[in-house]
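First comes the structure, then the notes that go with it.
The values are calculated or read from the model by the stated rules, or taken from the named source; none is laboratory data. Quick caveat: nothing in here was measured; it's all calculated off a predicted structure. As a convention, Cβ positions derive from the backbone with ideal geometry for all residues, glycine included, and neighbour counts pool all protein chains shown.
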Amino acid sequence: MMEHMDPRQAEVADLPAVADTLAGAFMDDPAWSWVFFDRAARYDQLRAVWLLLLEGAVGYGWVWMTPGAEAATLWIPPGLPEIAAPHDARFGPLINELLGSDTGRINTMFEQFMTAHPAAPDHYYLSLFGTHPDHRGHGHGMALLSDNLARIDAEHRPSYLESTNSANLDRYRSVGFVDHGTFALPDGGPVVTTMWRDAR
């Protein structure tokens, strides 16, 4: 754990840097590589999607970042949509712009995410979490996640996430998440693990 790490809530002006961090973090993610299979285009595709998600949720006050955007998280507080209006109306057109007619995989993945997502009890949802590739291995991400979870614990709320990369499972388990379920993406796609952390 890092000794000095003062996370802060991201503001609208921070979102491009946060999107850069998250796009880099997900470049080799098994599930998102399965969706955006053209590596040459993947960074820009991821960045565009993440930026829209960030813009649609920053008003909730739960986009968090380390001081230099080395790591970032996007949480959806209990009872709120993942993308608030009017940004939600831009999602479909953006996916069509990025993928053309080849939207089957991303539609399938989001359908499986929605099916697996528990409806109750109310919880915080970790929509995005990543560390910039240039800053991996220094504890930025886990320090930020631990800080976020302490804030959630102060509200006595549970939390939920989907891990699209099995390499991260033990990291999540180390801060109190337990395996909730799994589903495999079709056409030889990877396995996604859903995880739950009880209220403290």
Could you say which residue among M109, M114 is under 17 Å from the mean Cα position of the chain (by Cα), surrounded by 14 or more Cβ atoms within 10 Å (Cβ to Cβ) and over 26 Å from D14 (Cβ atoms)? M109
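Conditions tested, residue by residue: (1) farther than 19 Å from V18 by Cα; (2) loosely packed, with under 12 Cβ neighbours inside 10 Å; (3) in contact with a strand residue (DSSP E or B) (Cβ under 8 Å, 6 or more places away or on another chain); (4) in contact (Cβ under 8 Å) with a residue 12 or more places away in the chain.
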{"position": "G79", "(1), (2), (3), (4)": "yes, yes, no, yes"}
{"position": "A85", "(1), (2), (3), (4)": "yes, yes, no, no"}
{"position": "G92", "(1), (2), (3), (4)": "yes, yes, no, no"}
{"position": "I95", "(1), (2), (3), (4)": "yes, no, no, yes"}
If we keep just the residues of segment 1-50 that are of a type in the set (V, I, T) and farther than 23 Å from N96 by Cα, which is surrounded by the fewest Cβ atoms within 10 Å (Cβ to Cβ)? V12
For segment 1-25, give me the residue count where each residue is touching a strand residue (DSSP E or B) at 6+ places or on another chain (Cβ under 6 Å) and closer than 29 Å to V191 by Cα. 4
Is it fair to say P67 is under 17 Å from the mean Cα position of the chain (by Cα) and either within 23 Å of H135 (Cβ to Cβ) or outside any helix (DSSP H, G or I) (or both)? no
One residue is enough: does segment 159-180 have a residue meeting the conditions at positive phi and either hydrophobic (A, V, I, L, M, F, W, C) or surrounded by 15 or more Cβ atoms within 10 Å (Cβ to Cβ) (or both)? yes
Please determine, by comparing only the residues of segment 167-200 that are touching a Ser or Thr at 6+ places or on another chain (Cβ under 7 Å) and assigned to a helix (DSSP H, G or I), which one is farthest from R8 (Cα to Cα). L169
Can you tell me which residue within segment 1-50, out of those that are within 16 Å of the chain's Cα centre (by Cα) and acidic (D, E), is nearest to A71 (Cα to Cα)? D20
Count of segment 110-163 residues which are assigned to a helix (DSSP H, G or I), of a type in the set (D, E, K, R) and more than 14 Å from I76 (Cα to Cα): 4
Could you check segment 162-180 and list, in sequence order, the residues that are in contact (Cβ under 8 Å) with a residue 60 or more places away in the chain and touching a Phe, Trp or Tyr at 6+ places or on another chain (Cβ under 9 Å)? T164, N165, H180
Residue list for segment 10-46, filter: of a type in the set (S, T, N, Q) and either under 21 Å from H140 (Cα atoms) or modelled with pLDDT under 95 (or both): T21
Step by step: first the residues of segment 51-64, then only those that are under 15 Å from D147 (Cα atoms) and within 13 Å of the chain's Cα centre (by Cα), then the one that is surrounded by the most Cβ atoms within 10 Å (Cβ to Cβ). Which residue is that? V63
Yes/no for G141 being among the small types (G, A, S) and surrounded by fewer than 17 Cβ atoms within 10 Å (Cβ to Cβ): no
